[in-house]
Amino acid sequence: MEKNTYTAALIGCGRIGFSLGFDKKREQPASHTMALMGNKRIKIVAGADTNKENLERWKKFVKDAETFDSSDQMYESFTPQNIPDIIVLAVNEDSHFDECIKAIKACPRLIILEKPVALNSQEAEKIRLAAEENKVPVMVNHERRFAFDYNMAKKYMSKIGSLQSVRGELYSGLRIYAKEFEADGSYSLLHDGTHLVDIIRFLLEEDLPQPLVTGIFKDEKDVVRNFSAHYSTKNCPDVSIYMSGRSRFFSFGLDILGTEGRICLGNGYAKFYKRKESKLYTGFYSLARDRSVSLPRKTGYFSNMIQNAVDFLDGREKLKSPLTEAISDLRALELIKKEFN
């Protein structure tokens, strides 16, 4: 094996772990397997999944790796001397806590954990304490932190003057929240809302305080389907989050308004505007597209995440999505959820 090549093991060979890598409409790589294989510094040595069909399909694609029917079986096969450098946890939300604790006890050099950290901040805090005790760093895959377009937006924010407002929107057909779904995390506030809260916190570089929650809409089964949350923070006087769980489409986007410009970006688009002398009205200024901004063909959201892992292990970079940030996301979501009850 080449010097400075890192080994990796994957727990969970399903959708985000593997099969999304074959979605022709998505920007690739779109799964952990494809992103790991796409980095020349990483060699996948093992994969585990309790679903035999998933594991068999994965084995045919990653032929040189060992396969295991469970993470327990995989860990038993390793000695402390040959534990993989990276353990990737691509399992369902309700398995994050147990699988992350087991991975931490195995003491790899880095754990990459799918978002959200856990079902709640109490479990997440136990993960943090275990990680600190065993000196195992954990990175959470909040993918937009690694994407070129969102990082360009963060740099461009200095060009649009003082922030006036940040509006985040997430529309889908998945229920937003009901207490009965807390056991498995199958509700949008946790599953998708973690991305929205995380990227707003990333761009503003601050935590979100207690929100004013309005527009709560519940269906006939008392399931939350709509809400809006409003904040006033140190860096922006008007921050709003809008979520719908009764839309017949999926949409994720941000609208960032400054005193001298605007940024609009989301899934599949990124537009940057600057204050310029108006072509419509004498003596006025309007917003116009900043054509000097050149967007890359790909956002690189998944491959950049894996590269950050490599650079971290090399000692050249900090983790861009550390565990502590992801725990703060969970706490912000729980402040919203508290208002539903």
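The values are calculated or read from the model by the stated rules, or taken from the named source; none is laboratory data. Computed from a prediction, not measured in an experiment: that's the story for all the values here. FYI the Cβ positions are ideal-geometry reconstructions off the backbone, even for glycines, and counts take in every protein chain you see. Surface areas here come from the heavy atoms of the whole protein model, side chains and all, with no ligands, DNA or RNA. Shrake-Rupley method; radii C 1.70, N 1.55, O 1.52, S 1.80 Å.
The condition of being open to solvent by 50 Å² or more (accessible area, probe 1.4 Å) and within 13 Å of the chain's Cα centre (by Cα) holds for only one of 191, 195, that being 191. Filtered by the rule that a residue be out of contact with any Pro (no Cβ under 8 Å at 6 or more places or on another chain), farther than 19 Å from residue 92 by Cα and either in contact (Cβ under 8 Å) with a residue 24 or more places away in the chain or not in a loop (DSSP other than H, G, I, E, B) (or both), the range 7-27 gives 22, 27. The set of residues in the range 211-240 being more than 19 Å from residue 332 (Cβ to Cβ) and assigned to a strand (DSSP E or B) consists of 217, 218, 225.
Do we have any residue at all in the range 53-73 that's closer than 27 Å to residue 34 by Cβ, assigned to a loop (DSSP other than H, G, I, E, B) and in contact with a helix residue (DSSP H, G or I) (Cβ under 6 Å, 6 or more places away or on another chain)? Quick ask: steps written out before the conclusion?
Start the filter on the range 53-73 by keeping residues that are closer than 27 Å to residue 34 by Cβ, which leaves 53-73.
Checking which are assigned to a loop (DSSP other than H, G, I, E, B) leaves us with 62-65, 69-70.
Next, only the ones that are in contact with a helix residue (DSSP H, G or I) (Cβ under 6 Å, 6 or more places away or on another chain) stay: none.
Within the range 53-73, none of the residues are closer than 27 Å to residue 34 by Cβ, assigned to a loop (DSSP other than H, G, I, E, B) and in contact with a helix residue (DSSP H, G or I) (Cβ under 6 Å, 6 or more places away or on another chain).
When residue 222 is tested against the conditions (1) under 17 Å from residue 165 (Cα atoms); (2) open to solvent by 70 Å² or more (accessible area, probe 1.4 Å); (3) charged (D, E, K, R), the lone failure is (1). Evaluate the range 108-124: report whether one residue or more is among the polar types (S, T, N, Q) and over 20 Å from the mean Cα position of the chain (by Cα). Scanning the range 108-124 turns up no residue that is among the polar types (S, T, N, Q) and over 20 Å from the mean Cα position of the chain (by Cα).
Taking (1) touching a strand residue (DSSP E or B) at 6+ places or on another chain (Cβ under 9 Å); (2) on the phi < 0 side of the Ramachandran plot in turn, residue 143 satisfies each apart from (1). Residues in the range 178-188 that are of a type in the set (A, V, I, L, M) and either in contact (Cβ under 8 Å) with a residue 60 or more places away in the chain or open to solvent by 40 Å² or more (accessible area, probe 1.4 Å) (or both): 183 alone.
When the range 105-120 is limited to residues that are open to solvent by 10 Å² or more (accessible area, probe 1.4 Å) and either among the polar types (S, T, N, Q) or in contact (Cβ under 8 Å) with a residue 60 or more places away in the chain (or both), the one that is farthest from residue 195 (Cα to Cα) turns out to be 109. May I ask you to verify whether residue 270 is under 21 Å from residue 207 (Cα atoms), surrounded by 15 or more Cβ atoms within 10 Å (Cβ to Cβ) and either among the small types (Gly, Ala, Ser) or under 20 Å from the mean Cα position of the chain (by Cα) (or both)? Answer is no for this residue. Only one of (1) in contact with a helix residue (DSSP H, G or I) (Cβ under 6 Å, 6 or more places away or on another chain); (2) of a type in the set (Asp, Glu); (3) surrounded by fewer than 19 Cβ atoms within 10 Å (Cβ to Cβ) is not met by residue 169, so which one is it? In the conditions (1) in contact with a helix residue (DSSP H, G or I) (Cβ under 6 Å, 6 or more places away or on another chain); (2) of a type in the set (Asp, Glu); (3) surrounded by fewer than 19 Cβ atoms within 10 Å (Cβ to Cβ), residue 169 misses (1) alone. Contact annotation: residue pairs with Cβ atoms under 8 Å, 6 or more positions apart or on different chains, pairing a residue in the range 324-341 that is surrounded by fewer than 16 Cβ atoms within 10 Å (Cβ to Cβ) with a partner that is basic (Lys, Arg), are 324/128; 341/179. Here is the figure for the range 1-53: residues that are within 21 Å of residue 110 (Cα to Cα) and open to solvent by 60 Å² or more (accessible area, probe 1.4 Å) total 9. On the basis of being loosely packed, with under 12 Cβ neighbours inside 10 Å, closer than 23 Å to residue 164 by Cα and either aromatic (Phe, Trp, Tyr) or under 24 Å from the mean Cα position of the chain (by Cα) (or both), does residue 284 make the cut? Yes: the conditions hold for residue 284.
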